[in-house]
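Inspection log for the structure reproduced underneath, given as structure tokens.
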Amino acid sequence: MKINNFKLWLFILTSIVFFIFTIITLITCAAVEEGTDGNSSTIRAIAKLYNIFRFPTHTLLFRFMNGPIFVIGLLFNSLFYGFLTERIVFLLRNRKLT
């Protein structure tokens, strides 16, 4: 099984989508913490998803996440999830073909 069939376009696309979701969940989490969410259960559910999108850098290294490193960590998380998604799609396609 070859692993060098990396699809760059899929990696970039999924990384962008994950970064957009990460920013949306960050904004909703901030709104819930400040109390400006209007008691919306949808907003609160989206805000709770931030705990997933901030993994692994902000969960493991939160002490060091201050200033611009905070956003760089979120970008790294999005790249991590984009890579993970690309590899999962690769493995599922290979399993289906063989």
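Between helix 8-34 and the chain there is an angle of about 20 degrees, using the helix long axis and the longest principal axis of the Cα atoms. Heavy atoms of the protein chains alone define the surface here; on that basis the chain has 72 Å² accessible area per residue at 1.4 Å probe size.
Normalised by the number of residues in region 8-96, what is the relative contact order in percent for Cα pairs under 8 Å and 6+ residues apart?
Details: 76 pairs, mean separation 36.9, N = 89.
Relative contact order for region 8-96 comes out at 41 percent.
The charge dipole of the chain, taken about its Cα centre with unit charges on the Cβ atoms of Lys, Arg (+1), Asp and Glu (-1) only, comes to about 660 debye.
Springs between alpha-carbon atoms under 10 Å, Gaussian network over the chain: tell me which of 44, 87, 63 tops the mean-square fluctuations. Result: 63 has the largest fluctuation of those listed.
For region 2-98, the set of chymotrypsin sites (Phe, Trp or Tyr not before Pro) satisfying both a DSSP loop assignment and a count of at most 12 other C-beta atoms within 10 Å is given as 6.
To the nearest 10 degrees, how steep is helix 68-97 against the longest Cα principal axis of the chain, on a 0 to 90 scale? So the helix axis and the longest Cα principal axis differ by about 40 degrees. Both radii are taken from the alpha-carbon atoms of the chain; with Rh as the Kirkwood radius, Rg/Rh is 1.09.
The values are calculated or read from the model by the stated rules, or taken from the named source; none is laboratory data. Worth saying up front: this structure is predicted, and the values here are computed from it rather than measured. When we count neighbours, we look across all protein chains shown, and the Cβ atoms used for this are built from the backbone with ideal geometry, even at glycine. For the accessible areas, the whole protein counts, side chains as well, though only heavy atoms, and no ligand, DNA or RNA atoms are used. Shrake-Rupley method; radii C 1.70, N 1.55, O 1.52, S 1.80 Å.
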